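One structure is given here, and the rest of the page talks about it.
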Amino acid sequence: MSQYSLNQNQFTQAPVIGQVAFQPNVDTETCQINPNTTATYIQAGCAVKLIANSGPEIVVDVTSGPSDGPVYGVISYNPRINKYGASDRVEIASASNIIYLKSSAAINRGNRVSVTNPTTSTNDATVASDATAGDYTIGFALTQVSGANQLVKVKIEVGSNSTTGLVTIAP
């Protein structure tokens with residue numbers, strides 16, 4: 001597992017991928033991962049989309065990339081389990097939640113970001129600035145990072161980027 005390791009012998013814990021920030025995060029739902037998912041690796045920080053289901057359960061599946069969607073939310077960090085499979089229950093951070101995610105490159109505060117989900121246990125889900133028309137973004141960066149592999153706070157505001165609908169917030 002590629003997640004940052006936690007040192008239990010410190011006064012405050014460092015944030016980890018998928019951890020929510022700025023409590024309360026009121027739009028968090030428990031969902032079921034698609035029983036027929038083809039995803040090979042599902043963990044905290046993965047973007048998910050809704051799947052048609054006739055029952056009362058909210059069923060989601062991980063996206064295959066920024067152009068797959070629409071995105072419903074992001075899997076939140078759970079201290080008890082971090083690798084999920086078909087039919088597992090997960091907590092999804094959705095609209096207006098603020099969550100820590102890992103950057104794949106430099107990101108400016110206010111940029112819309114999209115997620116690339118991991119395909120192996122040695123990778124994490126990563127976010128990058130996205131201005132590509134038609135890509136599904138998960139929200140915008142609240143912090144600025146100078147390069148890859150840094151934690152960035154992202155406010156979840158799912159939507160689709162377009163050349164006319166790109167939202168940038170001035171720092």
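Assorted remarks:
- Test: residue in segment 95-102 that is surrounded by 14 or more Cβ atoms within 10 Å (Cβ to Cβ), under 24 Å from ALA128 (Cβ atoms), out of contact with any Asp or Glu (no Cβ under 8 Å at 6 or more places or on another chain) and at pLDDT below 90: no
- Test for ARG89: is it basic (Lys, Arg) and under 15 Å from VAL158 (Cα atoms): no
- Within segment 36-49, the residues that satisfy the criterion of being assigned to a loop (DSSP other than H, G, I, E, B) and either under 10 Å from the mean Cα position of the chain (by Cα) or of a type in the set (Lys, Arg) (or both) are ALA44, GLY45, CYS46.
- Residues of segment 50-60 satisfying the condition of being outside any loop (DSSP other than H, G, I, E, B) and either out of contact with any Phe, Trp or Tyr (no Cβ under 8 Å at 6 or more places or on another chain) or on the phi > 0 side of the Ramachandran plot (or both): VAL59
- Qualifying residue in segment 60-74 (condition: of a type outside the set (S, T, N, Q), farther than 17 Å from SER114 by Cα and surrounded by 13 or more Cβ atoms within 10 Å (Cβ to Cβ)): yes
The values are calculated or read from the model by the stated rules, or taken from the named source; none is laboratory data. Since this is a predicted model, take the numbers as computed values, not measurements. All Cβ positions, glycine included, derive from the backbone under ideal geometry; neighbour counts span all protein chains shown.
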